[in-house]
Amino acid sequence: MRPVFLSALVVVLAPLVTVLWLLPNSTQAARHVSGIGHPGLATSSAFLGPSRRSGVGGRRQLQQQQQQQQQQQQQQHRRRGPRLAMTSAGEDEWVFDVLFTGTGQSSSVPLLKHAVRGTCKVCDDALLRPGSKNKYVWRMDGVWIRFGWGDGRKKGERTRQFCLLAPSFLPFVLPPHHFKQHAKLIIPSAPNPSPHLPKNNRRNNVSCAIIKRKKTTPVGQTPRIAALIDCGKTFREVVLNLFPRFGLQEIGALLLTHGHADAILGMDDLRDLQLYEHVDPGVRFPSGPINVFLHEATMAAVRIRFDYLTNKPVYLDETKGVLERPVSYLNFNVIEPDAVIDSKATDGVAIKALPVLHGGDYVCLGFGVGKPGEFVYLSDVKDIPVETMSYLKALPKIKTLVVDCIKMTTGNFAHAAFEEVRGWVDELKPEKVWLVGMGCGIGEHDEANRKIQEMGYPMVELAYDGLYVEGFAL
């Protein structure tokens, strides 16, 4: 009877705690909603008083606060690349930065089965943690409480869930062990309540953005991505969460590593990042199509899933570039697995394709970006062919290596584990290594990093969504 009693107690007391919290803190809550006193919270005019909703001074103050928040968010995630030091002779030098827009496996993290059952520490952390391991302080639009015993998968185990709705400004502080046995606090994964704090265990499909800028141009003031590598299932979430933070608005070129869902299924959403104008009765894209670079096997997969994108666009007036309707306007370029990509399509950024094996003989493309060895990207790899390894070993030095690592010890058919990655690191001796493609099986972000350091690899770290590394040489 004890589990039933505790569950009933939770049901009765949770609404009462909510009301008691709100009454003495209504003024403070309004400050939270307006972004005052809590830099990570978004503004919601529904809870603002008249002085907040109207008046030039009030709007100007809110704009200044939002700008400060954005700068704090950018600084939180920025990491210096190997060549950032600025000299007087090179103040106008062009560099490229890398934004890790996704660092997780194909199912992303948290896994859905773990999120709904609460059976994985890392996935729970991905849902709940706003930067602290010991307490949860969240803005939330609703709180799910699961009660019962077990996870409902075995005979005799029962679980039930209910949702306690709460105003979006409600702070809720609760040590996790209070719900360890018979009830569990679950908070919806969207919206991210504290975007200025990294949620390192939450990982979208592997992807990264190459951003070209002058050294003197501050980060966040370059709206164009020179090249986006992969556009998978979670692309929309990436755009909503990261693009505004770093001032990104458009994409120059798209590089596809392979034809799996985690690399291509977000391509339909590219249309919303292309500027088009309505020309009665059709639409016109003034900037033209986005160039997509991929090899033949990936092109075959894209044709099957996106026939309306790969077929010739339906023009109402081809001479004026007027299309029938606004779909992603793309120009597909099939390349050899080891091709050098035309830099005119990538805003002058040099990019070379590097074939690797993504399970069996399935070829996936990696990429070398910038000067040879400056930035090597191998996101989905189980084995590195002899030709590619020979090319990498012949480079004078690999400054930064980004490589697939789904787990610490045992990989799977298509992805490497750290036991395999460390062999490549020993052979190639890169200055810096960022791991991507992690599943929840690799462990909690900080704990995994500590284990890697203890193994004698201080240059290796897990990347995370929103990591911004700046200052690579072109």
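Meeting the requirement of 2 or more residues that are modelled with pLDDT under 90 and over 16 Å from the mean Cα position of the chain (by Cα), the strands (runs of 3 or more DSSP E) wholly within the range 170-251 are 183-186. Only one of the numbered conditions (1) outside any strand (DSSP E or B); (2) within 20 Å of ALA226 (Cα to Cα); (3) open to solvent by 10 Å² or more (accessible area, probe 1.4 Å) is violated by LYS312, and that is (2).
One residue stands out among those in the range 315-372 that are basic (Lys, Arg) and part of a loop (DSSP other than H, G, I, E, B): the one that is least open to solvent (accessible area, probe 1.4 Å), which is LYS371. Residue count for the range 252-283 satisfying the condition of being surrounded by fewer than 16 Cβ atoms within 10 Å (Cβ to Cβ) and either at pLDDT 95 or above or of a type in the set (Asp, Glu) (or both): 5.
The lone criterion from (1) open to solvent by less than 80 Å² (accessible area, probe 1.4 Å); (2) at pLDDT below 95; (3) under 24 Å from ALA473 (Cβ atoms) left unmet by LYS432 is number (2). Among the candidates ALA463, ALA473, the residue that is closer than 20 Å to VAL95 by Cβ and either buried (at least 24 other Cβ atoms within 10 Å of the Cβ) or among the hydroxyl-bearing types (Ser, Thr, Tyr) (or both) is uniquely ALA463.
If the condition is being closer than 12 Å to SER328 by Cβ and either in a strand (DSSP E or B) or open to solvent by 40 Å² or more (accessible area, probe 1.4 Å) (or both), then the range 284-293 contributes PRO289, ILE290, VAL292.
Determine whether GLU336 is at pLDDT below 95 and among the acidic types (Asp, Glu).
On the way: at pLDDT below 95: no; among the acidic types (Asp, Glu): yes.
The answer is no for GLU336.
Test LEU378 against the stated conditions and say whether it is open to solvent by less than 50 Å² (accessible area, probe 1.4 Å), of a type in the set (A, V, I, L, M, F, W, C), closer than 19 Å to ASP262 by Cα and in contact (Cβ under 8 Å) with a residue 24 or more places away in the chain. Criteria met by LEU378. Against the list (1) in contact with a strand residue (DSSP E or B) (Cβ under 6 Å, 6 or more places away or on another chain); (2) small (Gly, Ala, Ser); (3) open to solvent by 40 Å² or more (accessible area, probe 1.4 Å), the condition SER390 fails is (1). In the range 401-425, which residues are closer than 19 Å to VAL376 by Cβ, open to solvent by less than 20 Å² (accessible area, probe 1.4 Å), of a type outside the set (D, E, K, R) and not in a loop (DSSP other than H, G, I, E, B)? Result: LEU401, VAL402, VAL403, PHE418, VAL421, VAL425. Residues that are outside any strand (DSSP E or B) and within 24 Å of VAL98 (Cα to Cα) within the range 427-439 comprise LEU428, LYS429, PRO430, GLU431, GLY437, GLY439, listed in sequence order.
For the range 443-458, the candidate set comprises residues that are in contact with a helix residue (DSSP H, G or I) (Cβ under 8 Å, 6 or more places away or on another chain) and modelled with pLDDT of 95 or more; within that set, the residue that is least open to solvent (accessible area, probe 1.4 Å) is ILE452.
The values are calculated or read from the model by the stated rules, or taken from the named source; none is laboratory data. Model, not experiment: these values are computed from the prediction. Note: ideal-geometry Cβ built from the backbone for every residue, glycine included; neighbour counts use all protein chains shown. Only protein heavy atoms, including side chains, enter the accessible area calculation; ligands, DNA and RNA are left aside. Shrake-Rupley method; radii C 1.70, N 1.55, O 1.52, S 1.80 Å.
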